[in-house]
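Here, each number is a calculation from the coordinates, and none is a lab measurement. Here the structure is a predicted model, which means the values were calculated and not measured. Glycine also receives a Cβ, built like all others from the backbone with ideal geometry; neighbour counts cover every protein chain displayed.
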Amino acid sequence: MCSYNRVNGEYACENPYLLNDVLRKDFHFLGFVLSDWGGTYSTNQASHAGLDREHPGENVYGEALKKVVEGLELSQDELNEHVQRILRTIFAAALFANPVVREVPVVEPELAFPRSDADRPHPTLVTQPPESESHGRAPGAGISTFMAQMAKGLSAFQT
């Protein structure tokens, strides 16, 4: 995420040195860059610098970006790089195979309301153990399960 601040007189989200040289080349960052809340001030300059997505909404990257693309002010290669970085991140996180469901993950299974995981279209982050397994567990034992599953999920980003 690039900030709305200026760095050496240039907005961070419009700074090719920060976004491309430091972040992508020096740090080998493979993900996409999202602006901080309201941190996008231009369309062309931010895109050319390497900003992939504006946040929130589409104030600068909405219709304005469409006009820039249609007016051929943005090369097809540059547009493809933005799309590729966003899609690579989506595939690395397996979001097509396991779409995000807005819900609070169960991190303390012994405190959760009973529910059936069989009705879910995808595996939950932490499933509730059968009644026989939940007895005698120390409070907070669900946290270690949650952290182990998070570490397993994050290993997909290390490719």
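Tell me, V69, V7, V33, V100 in order of fewest to most beta-carbon neighbours within 10 Å?
Ordered from fewest to most neighbouring Cβ atoms within 10 Å, V69, V7, V33, V100 come out as V100, V7, V69, V33.
Under the rule a/c < 1.5 gives rounded, and otherwise a/b versus b/c splits prolate from oblate, where does the range 46-87 land using the Cα gyration tensor?
Verdict is oblate for the range 46-87.
Taking the Cα-to-Cβ direction at R6 and at L95 and moving 7 Å from each Cα, how far apart do the two end points lie in nm?
3.3
Just rank F91, F32, fewest to most, by other beta-carbon atoms within 10 angstrom.
In order of increasing Cβ crowding within 10 Å: F91, F32.
Summing +1 for each Lys or Arg and -1 for each Asp or Glu, what net charge is found among the other residues whose Cβ lies under 12 Å from the Cβ of A64?
-3
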